[in-house]
1. Look through the range C:230-253, keep the residues that are in contact (Cβ under 8 Å) with a residue 40 or more places away in the chain and more than 10 Å from chain A (Cβ to nearest Cβ), and return whichever of them is most open to solvent (accessible area, probe 1.4 Å).
2. If you go through the range A:117-159, how many residues are under 13 Å from A:Leu218 (Cα atoms) and open to solvent by 20 Å² or more (accessible area, probe 1.4 Å)?
3. Can you tell me which residue is nearest to the other protein chains (Cβ to nearest Cβ) among those in the range C:11-44 that are among the β-branched types (Val, Ile, Thr), open to solvent by 60 Å² or more (accessible area, probe 1.4 Å) and within 29 Å of the chain's Cα centre (by Cα)?
4. Just wondering, is there one or more residues in the range A:252-267 that are closer than 23 Å to C:Leu109 by Cα, assigned to a helix (DSSP H, G or I), within 14 Å of chain B (Cβ to nearest Cβ) and open to solvent by 20 Å² or more (accessible area, probe 1.4 Å)?
5. Tally the residues that are within 11 Å of another protein chain (Cβ to nearest Cβ), open to solvent by 10 Å² or more (accessible area, probe 1.4 Å) and not in a loop (DSSP other than H, G, I, E, B), restricting the search to the range B:46-73.
6. With respect to the numbered conditions (1) in a helix (DSSP H, G or I); (2) surrounded by fewer than 15 Cβ atoms within 10 Å (Cβ to Cβ), which one is the sole condition not fulfilled by C:Arg227?
7. Inspect all residues belonging to the range B:156-166 and state whether any of them is in contact (Cβ under 8 Å) with a residue 12 or more places away in the chain, within 12 Å of chain A (Cβ to nearest Cβ) and on the phi > 0 side of the Ramachandran plot.
Amino acid sequence: MNKDLRKILAFPYIIWMIGFTIIPLSLIFIYGLTTRDGSFTFANVLSIFTRDHFKALMLSIALSIISTIICLIMAFPLALTLKGKKLNKGSLIVFIFILPMWMNFLLRTLAWLSLLEKNGIINTVLKFMHLPGLNIINTPAAIILGMVYNYLPFMVLPIYNVLEKIDDNTINAARDLGANTLQTIIKVIIPLSIPGIVSGITMVFVPALTTFVISNILGGSKVLLIGNVIEQEFTKGSNWNLGSGLSLIMMIFILISMAFIAKYDKDGEGMSV
Amino acid sequence: MRESLIDLEHISKSFDGEIVLDDLNLSIKENSFVTLLGPSGCGKTTTLRIIGGFVQADSGKVIFDGKDISNLPPNKRNLNTVFQKYALFPHMSIAENIAFGLKIKNKPKAYIDDKIKYALKLVNLEGFENRNINLLSGGQQQRIAIARAIVNEPKVLLLDEPLGALDLKLRQDMQYELIRLKNELGITFIYVTHDQEEALTMSDTIVVMNQGYIQQMGTPEQIYNEPENAFVADFIGESNIIAATMVQDRLVDIFGAKFACVDEGFGNNKPVDVVIRPEDIDLVEPDKGTLVGTVTHLIFKGVHYEMEVTTQNGYEWLVHSTDMFPVGKEVGISVDPFDIQIMNKPESEDEEAVGVNE
Amino acid sequence: MIYSKIRKVLGNIYLVFILIFLYAPIATLVILSFNSSKSRNRWGGFTFDWYGELFKSATIMAAFRNTLVIAFLSALIATIIGTVAALGINNMRKLPKTAVMAVNNIPMLNADIVTGISLMLGFIAFGISLGFKTILISHITFNIPYVILSVMPKLKQTERVTYEAALDLGATPAMAFFKVVFPDIFPGVISGFLLAFTMSLDDFIITHFTKGAGINTISTLVYSEVRRGIKPSLYALSTIIFGTVLILLIVSNIAQNKIKKK
């Protein structure tokens, strides 16, 4: 087979991607920038500045930043510990982190409801130990917990992938030159794991920013995120133009994230699965 | 003056139940160039890593400069390592790599800059400060790795097969370079390699290791000329190793022929191993030789001819000579008494295991 | 070294803490599936009833069947399109390759809600009525990138010379591909398939927007019941799925270790 012939192999895929990714995405632009009768407008996009929408967006940004930071703080030591264990490639780690995904995402989140409720499992245990109860259900704190729980693996895997590729002798060299454990982590390990950290941040931040399920289940109907607003425009409010306009706002954030990945994870080290 | 700078005392180490080092004792003098030489898996790299602090011995002590450093982490030891494949920090420039250890010690900037200049000059890479590590050749990366280690003024530099990844010509150049560096710095080098030529060229002391034991320690001349057992003889250079009988002091029986030698004290009629280097065999007229054989192979090697001479009992002698004898010619084998090296047969099974079983 | 021992112990404690965090909700669901009380937080005694009821519920069984069929078909089709595409992309010049890979990243990096909405708008614009086939198309769309990302690294490792060596030894290009290249990339193809299958199984958001009325997967069924109260049979179903996967993974892990030891 010559090279030109081989390139043809990608054609079905390219057609598929045009038909089901590029065209549908352009439709969001078309809907977002028009009124119901089809004339051009910026009103849908600008409606983000109305009080309720802006509040929802700000809350989404705040919660997703907090949960991304928590994920990072939890995932980095975890990935470092796992690297220290020198596991066989892909054996245990994938096993542990992919496995919960086979329990349905919604049921998993719902289980936290059982755990966190006023008379839930955690509070029963706390009461038994004569400790003060934990009343976070239907608050932003519960949503953060749900985000951290669901998206933690997306942070751990890319960081672990990158750490795995760091030569042990590079770390030994830092020690050899007088760096203690903390200095070694700050000066050598963290700078070398930037591609994984950036991928992890993006892979947690984007779904956290846009979720409507977690806020729906763990926030009751009290907490409204930008994801909830958009979802309601499509399912209940039926104002697709408005929903699309708000989606465009979210896509700005997503594009910034993608640009970050392109800058810091050129070889897609963190993205490999 | 103290005799030794580093003492390894009764060091043992096993990985996953497999013994790598067994009760190893080694003493290294100040300002020496010591090479740990042996085949892969002989424990030489593990020994180096124990000195460096990257591997913890199961038992035994590491004494450095009179102090027990067995439990010190690598960052607290006054010695530096040049790693196999260099282990440079890919996210730093050359200057940052070299400055790493000095910055950790909070040295003033002017001092660091001076040191970087000095070190780059020493490794012949002046003006390379701001280049990208990843664009350097293997030999250049090697020099940076050395510069990065020596700016910290260690008393000892540990080198783990540093030339392994370089091509032949560069490897030879770097050998001279390392000798020059060693002399200019006046510090102790501990060098690990499996390449006997490297060891013979550079070291003042060679430690030949196999299967976790030290087989022989000595100057390059001693190791080459007076191997203590069959393993050392076979590992260092080419040689004829022959089972023989020591008839009495200064007389050995090889394949029924009596050869004069210079060794004493092996006892009478004792089985021994004899080592004769191929260049030490003189081929003469059949009637003038101690043994008679026929040339069965002939290869021109440039400096000399390599020949195989088969004696009546079927043994093939390896002979190097500047004189050429054609295949099929009958020749006499004659060896100068000084060139016959007598070794004890391995006594225990342990020693047997490390010897050459042919 | 004492410090390294302390660090090791701390590391293990941390690992256990994370495991508890990850698996506490799962344990909760498993326990609830045996709870005779319908309450989410009161233990009413042990029962197998929900497992029995599960198989009697036509709604749940239909949703389960849809989930499995869609996961399997979408993973299979995505694996075929993706693997073939990876071969093509691998032979592209640098510029078109970068462009294609950038587009490939869109469904992975894009928010699910945006992907879901855009697909829904697309289907409606093309006049495709929402239902089983739109869910399937959507799942194939978000699965293909995972397959490509699994196959591409393997393809890069496969030396061109081995393919050329096969040609040199008289193999036709097709034979060379199936005898030399394909076995090399096969682990990537398999892991791409499994990843796609998992992703499809776990998806809710994209299905939610592209399913239309009258069809459910387990996810959308659960979502519609969140407010009304979940039927414990759904706990039973996910416990069965989880248990099956756990057993399969343990068995395959043991088998792999055995092969390695040999």
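1. Applying the filter and picking the extreme gives C:Lys231.
2. 11
3. For the range C:11-44, the residue satisfying everything is C:Ile31.
4. yes
5. 1
6. Single failed check for C:Arg227: (1).
7. yes
A quick yes/no check of all residues on (1) at pLDDT 85 or above; (2) under 20 Å from C:Phe242 (Cβ atoms):
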| site | (1), (2) |
| --- | --- |
| A:Asn88 | no, no |
| A:Phe95 | no, yes |
| A:Met103 | no, yes |
| A:Gly120 | no, no |
| A:Lys127 | yes, no |
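The values are calculated or read from the model by the stated rules, or taken from the named source; none is laboratory data. Predicted model, so just to flag it, every value in this text is computed and none were measured. Reconstructed Cβ throughout: ideal geometry from the backbone, glycine too, with neighbour counts over all protein chains shown. Remember, those area values only see protein heavy atoms, side chains included, never the ligands or the DNA or RNA. Shrake-Rupley method; radii C 1.70, N 1.55, O 1.52, S 1.80 Å.
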